[in-house]
1. Please list B:33-46, A:273-286 highest first by mean number of surrounding beta-carbon atoms within 10 Å per residue.
2. Looking at the square roots a ≥ b ≥ c of the eigenvalues of the Cα gyration tensor of the protein assembly as shown, which shape do they give, rounded for a/c under 1.5, prolate if a/b is larger than b/c, or oblate?
3. Bin width 5 Å, origin at 0, all Cα-Cα pairs of the range B:184-281: what percent of pairs per bin?
4. Can you find, among B:L175, B:V191, B:G226, the residue sitting farthest towards the positive end of the charge dipole of the range B:153-230, where Lys and Arg contribute +1 and Asp and Glu -1 at Cβ?
5. Of A:K88/B:K143; A:K52/A:K184; A:K52/A:K88, which pairs sit farther than 20 Å apart, going by alpha carbon to alpha carbon?
6. Decide, for the range A:10-51, between rounded, prolate and oblate: order the square roots of the alpha carbon gyration tensor eigenvalues as a ≥ b ≥ c, take rounded if a/c falls under 1.5, and otherwise choose prolate if a/b is larger than b/c, else oblate.
7. Gaussian network model of chain A, Cα springs within a sub-10 Å range: biggest mean-square fluctuation belongs to which of A:G137, A:G246, A:G264?
8. What's the average, rounded to a whole number, of partner chain beta-carbon atoms within 10 Å of each residue's beta-carbon in A:47-58?
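Please treat every number below as a calculation from the coordinates, not as lab data. Here the structure is a predicted model, which is why all the values come from computation and not from measurement. Cβ sites come from the backbone with ideal geometry, for glycine too, and all protein chains shown count toward neighbours.
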Amino acid sequence: MVSNEPIVVYENFSYSYPTTPNALVDINLEIHRGEIFGVIGPNGAGKSTFCKSLNGLVPHFYGGTMKGRVLVDGMDTFEHTTAELSTKVGLVFQEPETQLSGLALTVEDEVGFGLSMLGFPAKLIRQRAREALEKVGLKGFERRSPFELSGGEQQRLAIATVLAMKPEIMVLDEPVALLDPIGKYEVLSVIKEIAAEGSTIVIAEHEIEELAYFADRILVLNEGRMVSLDNAKMVLSEVEKLKKIGVDPPSVTELAYLLEHDLGIKLEYPITLPEALKIFGELMEGR
Amino acid sequence: MSSLATSILRRSIAEVDTPMHRLDPRVKFLFFIWISVWAYIFLDYTLTAIFLITVLILTFIGKIFKKTVKAVSIIVVPWMAVGIPILSALFPWNKTLIYNVQLFGYNIPLYYEGLAWGIVWPLRIGVCLASAMFFLFTTEPVKLIALLFNFRMPFRFIYAVAGALQFTPILLDDLQTIIQAQRSRGLRTDVSLLKRLANYPVLIVPLTLSTLNKVQIRAIALESRGFSAPVTKTWPYDLSLKRRDYIFLAGIIATTIIFIYIYLVYGFSPINHLQFYIAAG
């Protein structure tokens, strides 16, 4: 359930890497508690930078210059370290293997790694680790080595490591980009489940078709600037705008656009398959 | 890269459960230091050979015998092959003539002291190397890290060690991929040594870049999980000494007492009775 309470606030935020200027320019937006917030855009649009600005990696880790500010649950990311923000924002990256700490012998210990770094008591770490593993469907894998897992399982493990920290916001930076179809399915199922529980999720994704199913709002970035920000249906229906910047809308949406554009058949743009089935079904029945 | 070098770099732990693997890493580390020190205190090739055999027996029990013997042989055999003939003839403390060799019309005297020196030193290195391999290859990385924690090492140092252990196999995998990619694009590897050296940049540059990228991602991922939080970390792996560890330690203590007695009564070369100064050792 999306509340009106903003948990993230971007105020005139701009950021340049030491070697790449204007990675993000004039970002002004709010993300609400319980919202599933999608971020899309072509390569180099600033999606990853946006994700990293949420837990202070930008600018603390990379340096560079910034203007404006980002507030996460009232904490200014410039004034707090990434370690301090780690219980507020959990970040999951593309590549599963490089996220493993390498200091844990078992899956369970890997999940507890973040809590160990923050000095939580061992009993609580174990309890949280088990809960997180159950949530991502890795129950029974506790004693396995993290390096023995498949790509999809490792990515679910990476999500579990973040879930165990019980962050206010979970940020996923193209979490299925490097996975095979089975891995993608496994990870997206977990994300959908977590989303259904009311967590606040920010997800940068190339898989727009999938994002359409669960994102409440979508931000479109191009060359570091905000191109669109609205509910998923509105944003994904802007077919021409998306294609112009090199982003493919969902196939069913594009089909509706072509029907209207080329054949003059005006109809509501679907963004998911069930919606398309309903809309195109009605069209074929001549309603 | 040779399979032995790869195996050592990968530092693959034998996927077995042996009494040696079950020993506490602190006990094994102590054993490595202890036997290396004694190998240097005594200057006696028979005794040093006994030390080496003892360590090799332990590596046999730990199922890493072949790997250890191979690595030790690479160091010890060439050293002996070159060192013994030279030292037997030219060692400054040479005194006891064993034999005269006629070579190209020259009479070359061979002395006991030089021969002994030429045997003892490679054996000492062999003891150190074998005991270090025994410690490393029978200790899981996590227990190794737990050991560093027990020694109250700074956390960043511990991570540097863990990172190095962990990144070596990843680097080797990357290197293989890069070699295959470059061969597919026409890189010749069946060429002279000079040409192969000239080819190195096309392998090293992409390897370095990909490694730096991976290191950065890992650093970001760790930092995002509170790595540098200024608090006392909780470590899930506690080391505790078991009965078998105490038995092994008791063996070390008992042998230490015997060695001290031997050293005080019979000196630094109790079996071979080498006469030259201890300073020479």
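1. Values: B:33-46: 19.1, A:273-286: 12.4.
The densest-packed peptide leads the list: B:33-46, A:273-286.
2. On the way: a/c = 3.07, a/b = 2.30, b/c = 1.33.
Here the protein assembly as shown falls in the prolate category.
3. That works out to 2, 8, 8, 8, 7, 6, 6, 7, 8, 12, 17, 10, 2, 0, in percent per bin.
4. The residue sitting farthest along the positive end of the dipole is B:V191.
5. Values: A:K88/B:K143 31 Å; A:K52/A:K184 22 Å; A:K52/A:K88 13 Å.
The pairs that break the limit, which is 20 Å between Cα atoms, are A:K88/B:K143; A:K52/A:K184.
6. Values: a/c = 2.84, a/b = 1.55, b/c = 1.83.
Note, shape of the range A:10-51 comes out oblate.
7. Comparing A:G137, A:G246, A:G264 in the GNM, the peak value goes to A:G264.
8. On the way: counts 0, 0, 0, 0, 0, 2, 0, 0, 3, 2, 4, 0.
Across the residues of A:47-58, the mean count of other-chain Cβ atoms within 10 Å is 1.
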